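Visitor: Dropping the structure in here first, questions after.
The values are calculated or read from the model by the stated rules, or taken from the named source; none is laboratory data. Note that this is a predicted model, so its numbers are computed, not measured. FYI the Cβ positions are ideal-geometry reconstructions off the backbone, even for glycines, and counts take in every protein chain you see.
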Amino acid sequence: MSTTTPAKTRTITLTDRQPVRIIEDEWPIIASAYNDSYIGSDSGRRHQALGQGEFPAASLTVRRQHQDGRVLVYGVLSAADRAWGAPAGGESWRGGELLAEGKDLALAIRRVGAAGNLPEVVIRACIADLPAEKL
């Protein structure tokens, strides 16, 4: 008897439209950046910030739908938690865009990052993580 594992799905919140649900294997990540890139290599500083509830987690992700070339660009800003889920005065945000093939990905990353008030260094790191353009 063979059993099949159900495909892993993910629901993604988009800006000014209803969320979308994708099958992750059909929408591979082609670029991403996380707030670790702007804390730097000082792990002591990072743990101190996390422990004091002053450090929001920020991420940007770009996924490409392999069949028709559509692209999802989405970001998350999670307010820092002081005591196991208690908000630390910050506000969480989720949003993104669904783009047709051929649209300017760097511009979309910048729009999504700005809409979520994500750190500039995370926006730049995500743009830099895009596949290189062949000239």
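Visitor: For the stretch 117-135, which positions are touching a residue at least 40 places away in the same chain (Cβ under 8 Å) and over 18 Å from residue 34 (Cβ atoms)?
Guide: 131
Visitor: Now, a different point. Which is at pLDDT 95 or above, farther than 21 Å from residue 8 by Cβ and of a type outside the set (Val, Ile, Thr), of 31, 108, 57?
Guide: 108
Visitor: Show the residue pairs meeting these rules: Cβ distance below 8 Å; 6+ apart or different chains; first residue within the stretch 101-116 and without any contact (Cβ under 8 Å) to a residue 40 or more places away in the chain; second residue among the small types (Gly, Ala, Ser) and exposed (fewer than 14 other Cβ atoms within 10 Å of the Cβ).
Guide: 101/69; 102/69
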